[in-house]
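Since every read-out is calculated from the coordinates, none of them should be taken as a lab result. Keep in mind that what you see is a predicted model, and the values were worked out from it rather than measured. All Cβ positions, glycine included, derive from the backbone under ideal geometry; neighbour counts span all protein chains shown.
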């Protein structure tokens with residue numbers, strides 16, 4: 001089963017869910033706001049994608065925490081991702097020992113259909 005991680009009101013997550021519904025692909029959604037992911041999951045994702053891909057430096061949480069001024073290194077970013085799931089770029093899609101991050105229809109077609 002494909003697992004999607006994100007938040008329900010995120011536009012990118014909404015696009016991904018529409019893609020899955022349109023193509024009759026079964027999935028399970030885990031909402032960061034109601035069911036956080038921990039360091040084990042973040043570490044797993046970082047085995048498949050780099051920090052730049054996973055870390056959302058355009059999020060409200062990033063600005064609120066003033067992270068641009070703090071300029072955290074990758075280790076600090078990983079700790080932040082574990083504590084502040086809203087810093088994770090969305091959606092994160094897990095399937096067949098693969099991880100896709102953000103909405104990219106071309107990549108979805110290539111990898112999921």
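Of note:
- Length gained when the stretch residue 71-residue 58 is fully extended (0.36 nm per residue, less Cα-Cα span): 3.3 nm
- Mean ellipticity per residue at 222 nm, deg cm²/dmol - from DSSP H runs of n ≥ 4 across the chain, formula -39500 (n - 2.57): -12000 deg cm²/dmol
- The antiparallel fraction among DSSP beta bridges confined to the chain stands at about 60%.
- Model label points for residue 95 and residue 2, set 7 angstrom from Cα along the Cα-to-Cβ axis, are 0.3 nm apart.
- Zone of residue 106's modelled label, taken as backbone nitrogen in the range 1-45 under 18 Å from a point 7 Å along Cα→Cβ: 16
- Per residue, the average separation of C-alpha pairs within less than 8 Å and at least 6 apart gives the chain a relative contact order of 36 percent.
- Pairwise centroid distance, computed over Cα atoms, of the range 94-113 with the range 1-28, Å: 11
- Over the chain: Kirkwood hydrodynamic radius from C-alpha pairwise inverse distances, Å: 14.4
- Least to most buried among 106, 64 (fewest other Cβ within 10 Å first): 106, 64
- Here the label points at residue 21 and residue 34, each 7 Å from Cα along the C-beta direction, are separated by 1.6 nm in the simple model.
- The range 1-60, relative contact order [Cα under 8 Å, separation at least 6], %: 36
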